[in-house]
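Novice: Got a structure here, written out as structure tokens. Questions coming.
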Amino acid sequence: GPHLCFQLLNAPVLDDRLETPSMTEFTDTPVWDRPSAMLSWRHYLGERDEVPYYAAPARADDLSGLPPAYIATAQFDPLRDEGILYGLRLLQAGVAAEIHNFPGAYHGSEVVETAELSQRWAADVSWALLHGLNGWSGDGTRATPPTGETRFTAALAGSTQLDGESGK
């Protein structure tokens, strides 16, 4: 497959076992809750006896060799702990990872674009995408994006667009 240069994990869904403290605690939170997670995993995996790690990355034994990651989680999100734990496991495997937990946020709260927290979240994710696509330094410094046709610009709406002569 293609060489992956970066992982941008925004409220990532990583563990089908649904056993983290945040997953068991947040059963009725806005937008996403434990029953929603149970339903999504059931639809995604079907009736499997064995769940492969490529379907549920938290099941992977070895995370070494993966690309650098930016992980964003929300305080009141059932997915919070699996994102944070995955980030810690990446760090333990020698993979550069930046982990941000947004206090006071819930899953999907960043769609309230006028909220200061949402604006900070969008800016952080956009910065991480630009940084990741243009060479993650791993030392906490910002990457200097290349110029010309290879420069990438992150759109705050969640998609990416390529800047360059061709526009493709």
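The values are calculated or read from the model by the stated rules, or taken from the named source; none is laboratory data. All figures in this text were calculated on a predicted structure; none of them were measured in a lab. A quick note on method: Cβ atoms are made from the backbone with ideal geometry, for glycine too, and the neighbour counts reach across all protein chains shown. Heavy atoms of the whole protein, side chains included, go into the accessibility calculation; ligands, DNA and RNA do not. Shrake-Rupley method; radii C 1.70, N 1.55, O 1.52, S 1.80 Å.
Novice: Are any residues in segment 18-58 of a type in the set (Phe, Trp, Tyr), open to solvent by less than 80 Å² (accessible area, probe 1.4 Å) and either in a loop (DSSP other than H, G, I, E, B) or free of Cβ contacts under 8 Å to residues at least 12 places away in the same chain (or both), and if so, which ones?
Specialist: Result: PHE26, TRP32.
Novice: Still on this structure, I have one more. Can we say ILE84 is open to solvent by less than 60 Å² (accessible area, probe 1.4 Å), under 27 Å from LEU130 (Cα atoms) and not in a helix (DSSP H, G or I)?
Specialist: Considered against the rule, which asks whether it is open to solvent by less than 60 Å² (accessible area, probe 1.4 Å), under 27 Å from LEU130 (Cα atoms) and not in a helix (DSSP H, G or I), ILE84 comes out as no.
Novice: Looking at (1) open to solvent by less than 10 Å² (accessible area, probe 1.4 Å); (2) in contact with a Leu (Cβ under 9 Å, 6 or more places away or on another chain); (3) farther than 24 Å from CYS5 by Cα, find the lone condition where ALA72 falls short.
Specialist: (3)
Novice: So which residues in segment 118-134 are without any contact (Cβ under 8 Å) to a residue 24 or more places away in the chain, more than 14 Å from ASN10 (Cβ to Cβ) and open to solvent by 40 Å² or more (accessible area, probe 1.4 Å), if there are any at all?
Specialist: Once the filter is applied, which keeps residues that are without any contact (Cβ under 8 Å) to a residue 24 or more places away in the chain, more than 14 Å from ASN10 (Cβ to Cβ) and open to solvent by 40 Å² or more (accessible area, probe 1.4 Å), segment 118-134 yields only GLN119.
Novice: Regarding segment 89-98, can at least one residue be identified that is more than 13 Å from the chain's Cα centre (by Cα), exposed (fewer than 14 other Cβ atoms within 10 Å of the Cβ) and modelled with pLDDT of 90 or more?
Specialist: The answer is yes, given that some residue of segment 89-98 is more than 13 Å from the chain's Cα centre (by Cα), exposed (fewer than 14 other Cβ atoms within 10 Å of the Cβ) and modelled with pLDDT of 90 or more.
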